[in-house]
Amino acid sequence: MEITVMKNIMGANEEKASELRALLKDKKVLMVNLIGSPGAGKTTILENTIAALKEKNYSAAVIEGDVATDRDAKRLQRFDIPITLINTDGACHLEALSIEASLAGLELDKIDIVFIENVGNLVCPAEFDIGEHAKIAVVSVTEGDDKPSKYPLLFREAEAVILNKTDLEKYTNFNRQSFMTDVKNLNGTAPLFEMASMDKPNIEPWLGWLENKLKSVRES
Amino acid sequence: MHELSIAGSLFDILQNIAKENNLKKIYKVTILAGRMRQIVPTAMEMAFTAVTAGSLAEGAKLEIEVVPIKMRCVSCSEEFSVWHNIYICPSCESAKLELLQGDELIVKNIEGED
C-alpha cells in the first residue's frame, strides 16, 4: 500500500526552535547564531564584542558549540559572563534541543544577548533553526573569496555577514569584487561588517546592528 | 554530514507512520528536498541505510525528488526561478524576496505492506 504523508522532516526541530523563540521574546533576550569555518575568527569576534558590550552595560551570555574540548569556552571565561558549553561529540552542528538545555541553565532575566558560537562548519549549521533571531555568516579573507558561492545556503540564510581578518587581505589573493558580487547576489539585504580581528577590530557598525536588533526584540 | 541528522528525523517519522497504519514492512520512501537544502543524494542514501538497518524499513529504496528554488519579488510580485545563486528580481532588481519553494524537506509518501 502507498501512503501519502507530506510531513516536514525537520518538524520536531522547528517546533522546538519556535518554542525557544517564544521564550526569548517573553524574556526580551536577543539570540544570535555565529556560523563560520574553523579558524574564521568566531571566538575572537566574540571576545571583542563582549568586551565592547560590557562597556555599554549590556550583559551577554555565550553558548559554545564545540565538537570536543572547552578551549573556546575557556578563552571567554575572563569576561566573567555565563558560558555554557555543548560538546557535540563529533556532530557537525547544533540543534534546537541542545540549545533548550543550555538556555534552561541561564538566568535569562539578567541577560540581554545570547551568542551561540556554532560548530566550525559552513554547511550543516546553516540547515538548522535553533531558535535564534539571526544567523550570522562569519568568513575571513584568508579562506578565499569563493565561500559564498560554495556554501550558498549559509549566506542566503544569514541576516548579516562578517568579513573578518581584512588586515591580512594584502597578503592574500582574495578577490574582493567577486566576493561582494556573490554576497549581493545571494543576499542583497544583509549588511556586511568588515573586521580586522587583531588590532583595531572596527566593531562599532556590528555593535550598532546588535543594539538595533535587541531593540526590535524588546519591542516585538 | 547533516544528512545523518536528517535521516534520523526521517526515521522517527517513518516509525510513527508505520505504527499508525500497522505496516510490517516499508519498501520505498519518497522525499522532497528543496535545492537550497544542499542534500547530497549519495550521502543521504548512505545515512538512510545506516539508520534503517535492522528495522522494518531495512532495504527500503529512498527516492529524492529535488525541488527547484522559486521566489516572488516583494516589490513587483514577479515570480522567478533561482539559478546560479542569484536571488535578485530579474524584472526590477530588488533583493527583497519571499520564498515560494526550494527549502522544503518533506516525506512525500511511503510504500509498504501491513
- Which percent, to the nearest 5, of DSSP beta bridges fully inside the protein assembly as shown are antiparallel? 35
- Item | Under the Karplus curve 6.51 cos²θ - 1.76 cosθ + 1.60, θ = phi - 60°, whole-Hz ³J(HN,Hα) for the stretch B:70-77, x wherever Gly or Pro sits | 10, 10, 10, 6, 6, 6, 10, 6
- Task: Would you list, by chain and number, the aspartates and glutamates whose Cα falls below 15 Å from the Cα of A:Lys213, excluding same-chain residues fewer than 8 positions away?
- Result: A:Asp112, A:Glu132, A:Glu159, A:Glu204
- Amide proton proximity set for A:Leu106, modelled H, under 5 Å, gap of 5+: none
- Message: At 1.4 Å probe size, with the rest of the protein present, what percent of the exposed accessible area of the stretch A:2-219 is carbon and sulfur atoms?
- Response: 47
- Within a 10 angstrom radius of each residue's Cβ in B:9-17, how many Cβ atoms of other chains show up on average? Whole number is fine. 3
- Toy charge model, Lys and Arg Cβ at +1, Asp and Glu Cβ at -1: the stretch A:2-219 dipole around Cα centroid in debye, rounded to 20, equals 480
- Note on the structure: Out of A:Phe179, A:Ile162, A:Leu122 - ranked by how far each Cα lies towards the positive end of the dipole of the stretch A:103-207, with unit charges on the beta-carbon of charged residues - the top one is A:Phe179
- Message: Using a Cα-Cα cut-off of under 24 Å, which lysines could be cross-linked to B:Lys25, ignoring same-chain neighbours fewer than 8 residues away?
- Response: A:Lys7, B:Lys61, B:Lys108
- Please give the calculated 222 nm ellipticity per residue for chain B, where each DSSP H segment of at least 4 residues contributes -39500 (n - 2.57) and the sum is spread over every residue; nearest 500 deg cm²/dmol? -9000 deg cm²/dmol
- Under the Karplus relation with 6.51, -1.76 and 1.60 and θ = phi - 60°, whole-Hz ³J(HN,Hα) for the stretch B:30-39, x at Gly and Pro, equal 10, 10, 9, 10, x, 4, 4, 6, 6, 6
- Task: For the stretch A:24-89 and the stretch B:8-24, write down the distance between their C-alpha centroids in whole Å.
- Result: 38
- Could you tell me how many degrees, from 0 to 90 and to the nearest 10, lie between the Cα long axis of helix B:2-20 and the main elongation axis, the longest principal axis, of the Cα atoms of chain B? 60
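The values are calculated or read from the model by the stated rules, or taken from the named source; none is laboratory data. Since we're looking at a predicted model, the values are computed, not measured. Quick reminder, even Gly has a Cβ in these numbers, built from the backbone with ideal geometry, and neighbours come from all protein chains shown. Just so you know, the surface numbers come from the protein's heavy atoms only, side chains and all, with ligands and any DNA or RNA stripped out. Shrake-Rupley method; radii C 1.70, N 1.55, O 1.52, S 1.80 Å.
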